[in-house]
Structure formats: structure tokens, C-alpha cells
Amino acid sequence: MRKYKAVIAYDGTAYSGWQRQDNALGIQEVVENALGYIERGEVRVYGSSRTDAGVHAEGFVGHFFLSKPIPPENVVRALNAQLPDAIRVMKCSYAAASFDARLSAIGKEYRYQVYQGAILPPQMAPYWTFCHRPLDLGAMQRAAAMFVGRHDFASFAANPDRELETTVRNIFSFKVRNTGPRYFFTVRGDGFLYKQVRSMVGFLLAVGKGRERPDAVGELLREAAPRTARVETAPSRGLFLHKVFYGKIPK
């Protein structure tokens, strides 16, 4: 058996997230079925993380085993021939025996896209969250900076319906910028809780609209209380898992 590492990109619009599920179609199931066709047997793909329904990915990472000695470049071609257009294997390589797509990861980068204007162009609708109200970029940047560091993010995460050892996470950087009506939120951290990125962006949008003060981020982090309706969850369609980091995180 050979272990492979694959970088997978997908449009999550029509899927229930990465995770295989009994009552909905997850991207994991689609990729495993394509691998099963190549292997002529069952193949399990171990993913770097979970993504919610409707969330997209540019650099999701998974590892799997194949019994056939297929060169990685041929795995890419064979898989993409079986996968729907919304899912693509971008790169594939042999993986070391010690590599684990989830446990070996030391960080992730998520990007969130917001379009602020009078009308959202229809071709952008699956990938951008629409905001018709003007946004205060400076206020959002000041608020985003307060997320950086090691904090208890209980106030910015949803209940995952499973036991967690801790709600403490380390945010390495959080940048907000815009190009005309397009706003980009880029956050790097050692890991993220269930709906944490969407909750942080949702609160930053409230700051940008003037409904919350930038320093309210610090207050909520210090309270570390369970999330309330004060912290809105931004829609899934604007969120992309951009990259998973192994070895070191570039500056």
C-alpha cells in the first residue's frame, strides 16, 4: 500500500460539507467513490479538517492509500476524469508514513469574501456574501487585530454537539482589505472551532456597519461565554479554506 497526499479544491455550493454523512452528500463521499473506481475497492480519504455546507476550498488536503503503484500525476488525471466539475484534485504526491492530513497540520488559512454595493452581480452570488450597507474598513481592521493571539474563542463558535478539550485557539494574523466594493478577510490560525471564522467575520461586519465597537471583540474574548445572538454567523458561501500548513507557516 502506498500513501498519497492530495490537495483538493471544490465549490461547496451543492454539498453538505466535506464530511461523509448518512442523509446528505458530502465531498468526502464523492472523492472516495472516485478513488474506489480507480482502486476497484473501498478507499478512505482522511481530511485535514471539516468544512460546513456551502463552504468552498482551494487548498483542502487529504491522504489515502492505494494498493496499485500509480504515479501521483496519473492519480490526478484519473481522479479528475471521475469527479464532477465542482471538485478537482489540484496536486498529488507520495506521502511519508508519518504524514497525517489532520494531525500533521500546524495551521490553516481561511479567506472570506464580501461584496458591498447596491446590487450583487449574479455570477458572484455563490462565492460572495452581499452587503448593501457601507462598511468602515478602518474599524473592521482594528477589531480584527484584537483577535490575534491566543484566546478562548467560546464566544465566537457554535456548539459542535461533541465534547471539546478546549475552546482556546491561537490566531496568527487577521487581515481585512478591500478593492473597490470587494472586501477580503484573511485569517490564519493553528486551528478553528465550529463556525469560528464565520462568527468572527459576522461580528466584524457588525463593526463595519457601526452596530458594534471595535473594542467589543476584546470584551467578548475576555468573557469567553457561550455565543449569543449578538455574534451573527456570516453565510457559508463567502468562505474558502485557502491553505493548510505543514512544517512551517510562511510570513
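Where the alpha-carbon atoms of region 107-245 are placed on the principal axes, they occupy 43, 30, 25 Å, in descending order. Any chance you could give the angle, 0 to 90 degrees and rounded to 10, that helix 72-82 forms with the longest Cα principal axis of the chain? With both axes taken from Cα atoms, the answer is about 80 degrees. With θ taken as phi - 60° and the Karplus curve 6.51 cos²θ - 1.76 cosθ + 1.60 applied, the whole-hertz 3J(HN,Hα) list for region 35-40 is 5, x, 5, 6, 7, 6 Hz, x standing for glycine and proline. For Lys251, neighbours were defined as the other residues whose beta-carbon sits under 13 Å from its Cβ, and their charges (Lys and Arg +1, Asp and Glu -1) total +2. Seen from every direction in turn and averaged, the convex hull around the alpha carbons of the chain projects onto 14.3 nm².
Inter-part distance, region 124-151 to region 167-228, computed on C-alpha centroids, equals 7 Å.
Straight-line cross-link partners of Lys243 among the aspartates and glutamates, defined as a Cα under 18 Å from its Cα and at least 8 positions apart when in the same chain: Asp11, Asp52, Glu58, Asp100, Glu109, Asp190.
Relative contact order of the chain: what whole-number percent is it, with Cα pairs under 8 angstrom and at least 6 residues apart?
Details: 537 pairs, mean separation 60.2, N = 251.
Relative contact order comes out at 24 percent.
How much net charge surrounds Thr233 when only the other residues with a Cβ under 10 Å from the Cβ of Thr233 are counted, with Lys and Arg +1 and Asp and Glu -1?
+1
Does region 61-151 come out rounded, prolate or oblate, given a ≥ b ≥ c as the square roots of the eigenvalues of its C-alpha gyration tensor, rounded meaning a/c under 1.5 and, failing that, prolate meaning a/b above b/c? It is oblate, given that a/c is not under 1.5 and a/b is not larger than b/c. For region 42-52, the Karplus equation 6.51 cos²θ - 1.76 cosθ + 1.60, evaluated at θ = phi - 60°, returns couplings of 6, 10, 9, 9, 9, x, 6, 5, 9, 10, 6 Hz by residue, with Gly and Pro reported as x.
Projecting the Cα positions of Phe172, Gly191, Gln113 onto the charge dipole of the chain (unit charges on Cβ atoms of Lys, Arg, Asp and Glu, taken about the Cα centre) puts Phe172 furthest along the positive direction.
Computed from the coordinates by the stated procedures, all read-outs in this text should not be read as laboratory data. Source: prediction; values computed, not measured. When we count neighbours, we look across all protein chains shown, and the Cβ atoms used for this are built from the backbone with ideal geometry, even at glycine.
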